[in-house]
Amino acid sequence: MANQSSPYPILCASFNQDNSGFAISTKDGFKIIDSNTGRLCYDRAVGAFIIVEMLYSSSLLAIVGAGEQPSLSPRRLCLFNTTTGAPLREMNFLTSILAVRLNRKRLVVVLQEKTYIYDSNSLSMLDTIDTVPNLKGLCAFSPSLEGCFLALPASTAKGAVLVYNVMELQLHCEIDAHRSPLAAIALSSNGKYIATASEQGTIIRIHLVSEATKSYSFRRGTCSSTIFSLSFAPSLQLPDILVATSSSGSVHIFSLGFETNQRTKKSGSFLGSILPYSVNDGLDPAHHHVLHNAVSAGVRSYAVVRKVDKVADSSSSEIASCRAIISLIAYNGCFQEYAFTLNSQNESTWSLEREFNLVAVISGNAETS
């Protein structure tokens, strides 16, 4: 989520693996903020960074400078300890680093035409993946050690995605998802599902990773729009909802399990309960819920589902409603948090719970409005 040429104060934004915290960078430095409270956890004002990635809530950060000074080269990855305020290790590359992903076992570094896989503990190189030109550093990573996958573009002419098993160090599959080149990719935290959007931005598709089969197709809209972000709910069993942001300024939610379980009695199995009867069913607008004008049109944004709570019907075993907490970062410096509620009649509501200026966050709790 880096944007080196951004006209806005936020250069990059990223949530950690369980969405409990997030990092932002400005021209002056970077900040680590607690998602639950808005409290500033760490602040370092040493210059501009285009990548700041957290490892859960640990003291380890993976940071890459924006190149505005020699010590912050975009070709140098620094593994940084926030407790000591000092680098643990620096790794230099021949070309600019476009993306970094990590979990407790693996470190992934994405360059324009190569992606490197390292052991997170020893930092020994485990594999190198030659890729098609990946100018935006597009990638997705599932941090679960049981389903740890990396997704990368497999073509510059169409929306094909390569799925690589990072723990077993082998290609898992290649999925032809769209006719146009990819604009966004997301993997569910457990590695079971992959969501993709093309540069047209009208259709979002979700595939089952294990079988490389399509489970859902959702229509975001009829007019082209740039998809800025895709993110699954952090569920260990079922990725209940997918959230997307786009250049239209809207936030889109696509429900994967809740509504379909209300309508589908065909099968008691997990897979049978979520697979739509047909493509038309998959494109049913009943799956799609929109918050319009959440961000000014054209402003880059990034949204995640922090948690989903389900409320069961007391008279039956069915789910009566679900409530999701959506955190939204706009690169103009605004943080918003919404409560999204969906009932069994497919009626949804959005409620703004918190809002504050990220650039102005200082020690202590954030000022909310």
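The values are calculated or read from the model by the stated rules, or taken from the named source; none is laboratory data. Bear in mind that the values here come from a model prediction, so they are computed numbers and not experimental data. For neighbour counting, all protein chains shown are included, and Cβ atoms are generated from backbone atoms with ideal geometry for every residue, glycine included. Ligands, DNA and RNA are excluded from the accessible area calculation, which covers all protein heavy atoms including side chains. Shrake-Rupley method; radii C 1.70, N 1.55, O 1.52, S 1.80 Å.
Miscellaneous remarks
- Accessible surface of region 1-109, 1.4 Å probe, proportion on carbon and sulfur as whole %: 48
- Given R0 = 41 Å, the distance between the Cβ atoms of Lys114 and Lys310 translates into a calculated FRET efficiency of 0.45.
- Two-decimal Rg to Rh for the chain - Kirkwood Rh, Cα set: 0.95
- With 10 Å bins from 0: P(r) over region 50-165, alpha-carbon pairs, percent: 13, 46, 33, 7, 0
- Mean Cβ neighbour count within 10 Å, used as a protection proxy, ranking 194-205, 17-28 highest first: 194-205, 17-28
- Two-site label geometry, Arg323 and Ala339: point separation in nm, points 7 Å out along Cα→Cβ: 0.4
- Summed over the residues of the chain and divided among them, the accessible surface reaches 42 Å² per residue at a probe radius of 1.4 Å.
- Near the amide H of Ala66, within less than 5 Å, lie the amide hydrogens of Ala48, Phe49, Ile50, all on another chain or at least 5 residues away, with H placed in the peptide plane.
- Less than 5 angstrom separates the built amide H of Thr202 from those of Ser225, all sequence-distant by 5 or more or on a different chain.
- Pairs beyond 25 Å (Cα-Cα), from Lys136/Lys158; Lys27/Lys192; Lys27/Lys114; Lys27/Lys307; Lys31/Lys307; Lys192/Lys310: Lys27/Lys192; Lys27/Lys114; Lys27/Lys307
- Cα shape, region 170-253, gyration tensor, a/c 1.5 rule: oblate
- Take Arg306: with every protein chain present and a 1.4 Å probe, its accessible area is about 30 Å².
- With helices as the sole contributors, the chain gives -1000 deg cm²/dmol at 222 nm; each DSSP H run of n ≥ 4 counts as -39500 (n - 2.57), and the sum is divided by every residue.
- Estimated at 0.36 nm per residue, the fully extended path between Ser351 and Leu126 surpasses their Cα-Cα distance by 76.4 nm.
- Percent of alpha-carbon pairs separated by more than 17 Å within region 103-250: 59
- Descending principal axes extents, region 132-175, alpha-carbon based, whole Å: 32, 18, 14
- Peptides ranked, highest mean first, by Cβ atoms within 10 Å: ranges 218-228, 42-52: 42-52, 218-228
- Other residues whose C-beta falls under 10 angstrom from the C-beta of Gly67 contribute a net charge of +1, scoring Lys and Arg +1 and Asp and Glu -1.
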